[in-house]
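Encoded as C-alpha cells, the structure appears first; notes follow it.
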Amino acid sequence: MHNTPPPHNCNELITEISLLLDGELDRHSENILLEEIKKCATCTQYYSNHAAYKKHVSQKFTRMCCGDHIKEELKAKIRGL
Ligand SMILES: [Zn+2]
C-alpha cells in the first residue's frame, strides 16, 4: 500500500457522517458524502461502525416506543431548543 493521504480532512468528514447518521442531511448531500466516504478507508470504517450502531439503537427504540411519529416529534423538539 502506498502511503497516500486521504482525499479530504477525515475529521470534517466524520462530522458530516454524524449528521448523515442522525438523518440531518438531504438526499443530495447524502449521496455526495457517501461517494466521499467510499474513497477513504478511515471514513468507511467510521461510517460502517456507526451505521450498525445507530441501526441497532433505532430498532430498539422503535420496539420500545411508538415509532416514526414520536421520533419526528422528538426531533422537532430538539431542533426547537
Ligand atoms: Zn476520510
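If the condition is being β-branched (Val, Ile, Thr) and more than 9 Å from the ligand (Cβ to nearest atom), then the range 18-57 contributes Ile32, Val57. Applying a threshold of 8 Å to beta carbon distances and a minimum spacing of six or more residues, or different chains, the list of pairs starting in the range 22-36 at a residue that is within 15 Å of Glu12 (Cβ to Cβ) and ending at one that is outside any loop (DSSP other than H, G, I, E, B) and more than 14 Å from the ligand (Cβ to nearest atom) reads Leu25/Leu19.
Scan the range 1-26 for residues that are under 23 Å from Glu72 (Cβ atoms) and of a type outside the set (Asp, Glu) and the total you get is 7.
Residue check: His50 meets all listed conditions (1) surrounded by 13 or more Cβ atoms within 10 Å (Cβ to Cβ); (2) at pLDDT 95 or above but one, namely (2). In the range 37-59, the residues that are outside any helix (DSSP H, G or I) never reach a residue that is more than 16 Å from the ligand (Cβ to nearest atom) with C-beta atoms less than 7 angstrom apart, at least six apart or across chains.
Going through (1) at pLDDT 95 or above; (2) over 20 Å from Arg79 (Cα atoms) one by one, Ser29 falls short only on (2).
The values are calculated or read from the model by the stated rules, or taken from the named source; none is laboratory data. What you see is a predicted model, and the numbers here were worked out from it, not measured in a lab. Backbone-built Cβ (ideal geometry, glycine too); neighbour counts: all protein chains shown.
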